There are 2 protein chains.
Amino acid sequence: MEKKIVTISRQFGSGGRSIGKAVAEKLGVPYYDKELICQVAERTGLDTRYIEEQGEYAAGRTFFSYAFAYPGPQDAMGGMSVSDFLWTAQRQVILDLAEKGPCVIVGRCADYILRERKDCLHVFVHADTDFRCERIVRLYGESERSPEERLRDKDGRRAVNYKHFTGREWGECTNYHLTLNSGVIGVDRCVDLIASLAEKEKEQP
Amino acid sequence: MEKKIVTISRQFGSGGRSIGKAVAEKLGVPYYDKELICQVAERTGLDTRYIEEQGEYAAGRTFFSYAFAYPGPQDAMGGMSVSDFLWTAQRQVILDLAEKGPCVIVGRCADYILRERKDCLHVFVHADTDFRCERIVRLYGESERSPEERLRDKDGRRAVNYKHFTGREWGECTNYHLTLNSGVIGVDRCVDLIASLAEKEKEQP
């Protein structure tokens, strides 16, 4: 079966986002990341920067950090915490985008949200610490914290968020159809490989 | 860098062994499974059937099941349990085989044992339960126990053994360069993919 929708989960610094963009270009389908955030903002009234920061890291925060984050009337959230409100809206946007047609979606537990669909290829991209440290310093610059600490923090929060909302382990290979070490395999090769699997039925009619 | 040695770990019933054999044929390199067992037998004096059964499932057993399994003089094991004796011998055979040249090695924690080498491609093959149940009944026949139970038992013991000897989680994707769902991707496609990654430098000189 042709895999029309590609979801990409990724360790911070592994190049998963760049790989997702390149796969979408290669397949000629939309790539959802920022656009997804805009749609969630429209649906919820939450600030795009807030969604970008919290959409994958929400579950670790306390209730109070949410209560102040939402600018609208509290009852618009139907009694949910901002965390659950954001999850519910984000989930619906992802389900709607998948209905619209072939696409690439990066992050945001899309692999779990779309797990019942048979037309998805679920991918996880990771890499060794050295490769990722070098990459984040090159792309995002130095910071007060060591690159190792930045990786640990961001991936730790992604893992907690994933576990909280899905009940599954982030990075457990049975959750994905394909996992790749981008440092060993190479970013370009990862792109070719994912794209060729996504359109395999086109090649073999 | 060319990956001269391919290690394949696999869930029971996922087709990992068949994939390993086919990759070795495609690359024209030796495939180690039974031959590895014979070499361990030669080195240890243990029965080949015993090694085949225990080489990947040893750690869960009690001391007594070992004490009676070894037919030779107890001091030949240097005070080790049969379990540790078998692990040590198997580890050395795998290190020696890797020194000999390009090959495919299935199972037996070879991914961990060869983790320091830069010329290895470490692969894990898994598949959904339905796919694996159908496959083990077709290949190995029915048994008194349900196929689901047979999968759970065998994979559970592989996971315990792996954890015991390596300290790592079996099936955690960061232990492998590539993991594949053979049911979704297809066994033949898995073979092509692994073989092409193993010889990638040959294609791009």
For the stretch B:123-152, which residues satisfy the criterion of being touching a residue at least 24 places away in the same chain (Cβ under 8 Å) and more than 12 Å from B:Gly13 (Cβ to Cβ)? B:Val123, B:Phe124
Which of the residues spanning the stretch A:158-169 are more than 10 Å from every other protein chain (Cβ to nearest Cβ) and on the phi < 0 side of the Ramachandran plot? A:Arg158, A:Ala159, A:Val160, A:Asn161, A:Tyr162, A:Lys163, A:His164, A:Phe165, A:Thr166, A:Arg168
Given the criteria out of contact with any Leu (no Cβ under 6 Å at 6 or more places or on another chain) and more than 14 Å from chain A (Cβ to nearest Cβ), does B:Cys133 qualify? yes
Which pairs have Cβ atoms under 7 Å, sit 6 or more apart or on different chains, and link a residue in the stretch A:173-201 that is in contact (Cβ under 8 Å) with a residue 40 or more places away in the chain and within 10 Å of chain B (Cβ to nearest Cβ) to one that is of a type in the set (Asp, Glu) and assigned to a helix (DSSP H, G or I)? A:Asn175/A:Asp111; A:Tyr176/A:Asp111
Check A:Glu35, A:Glu53, A:Glu42 and return the single one that is modelled with pLDDT of 75 or more, under 18 Å from the mean Cα position of the chain (by Cα) and either in a helix (DSSP H, G or I) or loosely packed, with under 15 Cβ neighbours inside 10 Å (or both). A:Glu35
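Within the bounds of the stretch A:111-130, is there any residue that is of a type outside the set (Gly, Ala, Ser), more than 18 Å from A:His177 (Cβ to Cβ) and within 12 Å of another protein chain (Cβ to nearest Cβ)?
Yes: one or more hits.
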I need the full set of residues from the stretch B:153-191 which are at pLDDT below 95 and among the acidic types (Asp, Glu), in order please. B:Asp153, B:Asp155, B:Glu169, B:Glu172
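The values are calculated or read from the model by the stated rules, or taken from the named source; none is laboratory data. None of these values were measured; they are calculated from a predicted model. Ideal geometry is used to build each Cβ from the backbone, glycine not excepted, and the neighbour counts take in all protein chains shown.
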